[in-house]
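The structure under discussion appears below in the form of structure tokens.
The values are calculated or read from the model by the stated rules, or taken from the named source; none is laboratory data. For clarity, every value in this text was computed on a predicted model and none was experimentally measured. Glycine gets a Cβ as well: all are built from the backbone with ideal geometry, and neighbour counts include every protein chain shown.
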Amino acid sequence: MDLIMENLINNKFYATKDDVEKKLGVFFAFNVITQDEYTKLMQLAESKYTETNAS
């Protein structure tokens, strides 16, 4: 699941960072992902969904 979520986040599959956070929260709550995976994916979402479009 970790690799799948990483790919979805990298490709900005979800419309907003909040959508990603909600999905990760559910996976973490139901022990689908570990705390380390949760932390890594949240940091990835933060970096991908807060990039500025300065172009």
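Test Asn53 against the stated conditions and say whether it is at pLDDT 95 or above and either outside any helix (DSSP H, G or I) or in contact with a Lys or Arg (Cβ under 6 Å, 6 or more places away or on another chain) (or both).
No; evaluated as a whole, the condition is false for this residue.
Could you look through segment 1-41, keep only residues that are within 11 Å of the chain's Cα centre (by Cα) and in a loop (DSSP other than H, G, I, E, B), and pick out the one that is surrounded by the most Cβ atoms within 10 Å (Cβ to Cβ)?
Filtering first and then ranking leaves Tyr14.
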